[in-house]
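Structure first, commentary second.
The values are calculated or read from the model by the stated rules, or taken from the named source; none is laboratory data. Quantities reported herein were computed from a predicted structural model and do not represent experimental measurements. A quick note on method: Cβ atoms are made from the backbone with ideal geometry, for glycine too, and the neighbour counts reach across all protein chains shown. Ligands, DNA and RNA are stripped out before the accessible areas are found, and what is left, the full protein with its side chains, is counted by its heavy atoms. Shrake-Rupley method; radii C 1.70, N 1.55, O 1.52, S 1.80 Å.
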Amino acid sequence: MDALDRVVKPKTKRAKRFLEKREPKLSENVKNAMLIKGGNANLLVTQVLRDVYALKKPYGVLYKKKNITRPFEDQTSLEFFSKKSDCSLFMFGSHNKKRPNNLVIGRMYDFHVLDMIELGIEKFVSLKDIKNSKCPEGTKPMLIFAGDDFDLTEDYRRLKNLLIDFFRGPTVSNIRLAGLEYVLHFTALNGKIYFRSYKHSCKLHFCVLPLLLPEQLVQVNLLSEVIQHTLIVCCKTPRIELEEMGPSLDLVLRRTHLASDDLYRLSMKMPKALKPKKKKNVSHDTFGTTYGRIHMQKQDLSKLQTRKMKGLKKRPAERITEDQEKKSKRIKKN
């Protein structure tokens, strides 16, 4: 039996809290990522792992020592590190003659490899090379995917799902507009994946409105007169500006190891306690409008009190027929 598979009883309160954090929960903790260097990783791959770790902080673990392993041939070492560091996401960097500047990105399910995709680095610009202001640590990014390949082919569809899982960060209940300052853009085009990182800023947007008609503006010659007849208005909607922050990567898809449909469905299964309970007699349309159905007892409209009018009064002949019908009903009952 593996040392990590044994049932360990905590001896201190600190150890008890540590084990309670790792216990299965209805709403799981934020997914951590481990970034591992291969036995022959070069400087470029090492810098890529450092930059991705800077984006993932504080939800990442960077292994500084080299680890001689091959994820597509033997996955036991990755599963061991995953259980040891409590990480369900991983990125492995390596370099060799057959596959230069190689990155393997993947995820775990129950501390076993669920799926992983191999990517080749063709071009790389580091965080240090782009001399711009950076976002603070732990900022939640906005993810943008462009390209039809992400929706057409199965490999790219699974890669999109994996990248969302890797970079999405913690789930939040509320969003502040000023806090949206970090964008990750992925573009799939001509068999390549372009990864770009931008810093987002909202600035005031001013509109210039002329107070004269176009026919009158033709008659104005001086610039000072044009300025006098214009109105500058500050719009409520801010102007969005994107400034490249780094890192920048041009990637190529190589090998894939995808989970079977049954295992993938099992990993996406939601606990019964988290499933929303169905509300009876409540429905929603495509526009989000809520409709409710009310069940009522059968009403006798003949006893409904209406406005008293002479034209609606019953005639003597109608009263006699009604009395006879009631008497006949009583006789039948008896």
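Pick from ALA188, ALA178, ALA146: which is hydrophobic (A, V, I, L, M, F, W, C), modelled with pLDDT of 90 or more and surrounded by fewer than 16 Cβ atoms within 10 Å (Cβ to Cβ)? Break it down stepwise before answering.
Working: ALA188 fails: surrounded by fewer than 16 Cβ atoms within 10 Å (Cβ to Cβ); ALA178 fails: modelled with pLDDT of 90 or more.
That would be ALA146, the only listed residue that is hydrophobic (A, V, I, L, M, F, W, C), modelled with pLDDT of 90 or more and surrounded by fewer than 16 Cβ atoms within 10 Å (Cβ to Cβ).
Can you tell which of ARG307, ARG330, ARG319 is charged (D, E, K, R), open to solvent by 100 Å² or more (accessible area, probe 1.4 Å) and part of a loop (DSSP other than H, G, I, E, B)?
Testing whether each residue is charged (D, E, K, R), open to solvent by 100 Å² or more (accessible area, probe 1.4 Å) and part of a loop (DSSP other than H, G, I, E, B) leaves just ARG307.
Which of the following residues is open to solvent by 70 Å² or more (accessible area, probe 1.4 Å) and free of Cβ contacts under 8 Å to residues at least 12 places away in the same chain: ARG22, ARG50, ARG17?
ARG17
Give the residues of region 118-135 that are among the β-branched types (Val, Ile, Thr) and under 14 Å from GLY93 (Cα atoms), sorted by residue number.
So in region 118-135, the residues among the β-branched types (Val, Ile, Thr) come out as 121, 125, 130.
Matches in region 118-135: ILE121 only.
Here is a yes/no grid of residues against (1) surrounded by fewer than 19 Cβ atoms within 10 Å (Cβ to Cβ); (2) in a strand (DSSP E or B); (3) hydroxyl-bearing (Ser, Thr, Tyr):
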site: GLU118; (1), (2), (3): no, yes, no
site: LYS123; (1), (2), (3): yes, yes, no
site: LYS131; (1), (2), (3): yes, no, no
site: CYS135; (1), (2), (3): yes, no, no
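Taking the condition modelled with pLDDT of 90 or more and within 30 Å of LEU274 (Cα to Cα), does ALA15 pass?
Criteria not met by ALA15.
Kindly check whether there is at least one residue in region 152-160 that is open to solvent by 80 Å² or more (accessible area, probe 1.4 Å), in contact (Cβ under 8 Å) with a residue 24 or more places away in the chain, within 26 Å of LYS199 (Cβ to Cβ) and of a type in the set (Lys, Arg).
No, because not a single residue in region 152-160 is open to solvent by 80 Å² or more (accessible area, probe 1.4 Å), in contact (Cβ under 8 Å) with a residue 24 or more places away in the chain, within 26 Å of LYS199 (Cβ to Cβ) and of a type in the set (Lys, Arg).
Quick one: which residue in VAL52, VAL104 is under 24 Å from the mean Cα position of the chain (by Cα), within 29 Å of LEU127 (Cβ to Cβ) and assigned to a strand (DSSP E or B)?
Criteria check complete, one pass: VAL104.
Quick one: GLN297 ticks every box in (1) assigned to a helix (DSSP H, G or I); (2) over 30 Å from MET108 (Cα atoms); (3) open to solvent by 100 Å² or more (accessible area, probe 1.4 Å) bar one, so which box is it?
So the condition that GLN297 fails would be (1).
For every residue, the table says whether it meets (1) under 22 Å from ARG158 (Cβ atoms); (2) touching a strand residue (DSSP E or B) at 6+ places or on another chain (Cβ under 6 Å).
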position: LYS64; (1), (2): no, no
position: THR76; (1), (2): no, no
position: LYS83; (1), (2): no, no
position: ASP86; (1), (2): no, no
position: ASN102; (1), (2): yes, yes
position: HIS112; (1), (2): yes, no
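For region 255-274, name all the residues that are touching a residue at least 24 places away in the same chain (Cβ under 8 Å) and surrounded by fewer than 10 Cβ atoms within 10 Å (Cβ to Cβ).
If the condition is that a residue be touching a residue at least 24 places away in the same chain (Cβ under 8 Å) and surrounded by fewer than 10 Cβ atoms within 10 Å (Cβ to Cβ), then ALA273, LEU274 are the ones that fit.
In the set GLU20, GLU28, which member is within 29 Å of the chain's Cα centre (by Cα), among the acidic types (Asp, Glu) and part of a loop (DSSP other than H, G, I, E, B)?
Going through GLU20, GLU28 in turn, the sole match is GLU28.
Looking at region 59-95, which of the residues that are of a type in the set (Lys, Arg) and assigned to a helix (DSSP H, G or I) is surrounded by the fewest Cβ atoms within 10 Å (Cβ to Cβ)?
LYS84
Touching a residue at least 24 places away in the same chain (Cβ under 8 Å) and either open to solvent by 10 Å² or more (accessible area, probe 1.4 Å) or acidic (Asp, Glu) (or both), is that true of ASP110?
Answer is no for this residue.
Given the residues THR237, THR289, which is the only one that is at pLDDT 85 or above and either farther than 26 Å from GLY106 by Cα or in contact with a Lys or Arg (Cβ under 9 Å, 6 or more places away or on another chain) (or both)?
Checking each option against the conditions leaves just THR289.
Only residues in region 58-84 that are free of Cβ contacts under 8 Å to residues at least 40 places away in the same chain count as the first member; pair them with residues that are open to solvent by 50 Å² or more (accessible area, probe 1.4 Å) and not in a loop (DSSP other than H, G, I, E, B), Cβ under 9 angstrom, at least 6 apart or cross-chain, and list the lot.
GLY60/TYR53; VAL61/TYR53; LEU62/ARG50; LEU62/TYR53; THR69/THR76; GLN75/HIS112; GLN75/HIS257; GLU79/HIS112
Going by the conditions given, is SER283 polar (S, T, N, Q) and at pLDDT 80 or above? Can you show your working first?
Details: polar (S, T, N, Q): yes; at pLDDT 80 or above: yes.
Judged against the criteria, SER283 is a match.
Would you mind telling me which numbered condition in (1) touching a His at 6+ places or on another chain (Cβ under 8 Å); (2) outside any strand (DSSP E or B) LYS140 fails?
Of (1) touching a His at 6+ places or on another chain (Cβ under 8 Å); (2) outside any strand (DSSP E or B), only one is false for LYS140: (1).
Look at LEU301 and say whether it is out of contact with any Lys or Arg (no Cβ under 6 Å at 6 or more places or on another chain) and modelled with pLDDT of 80 or more.
no
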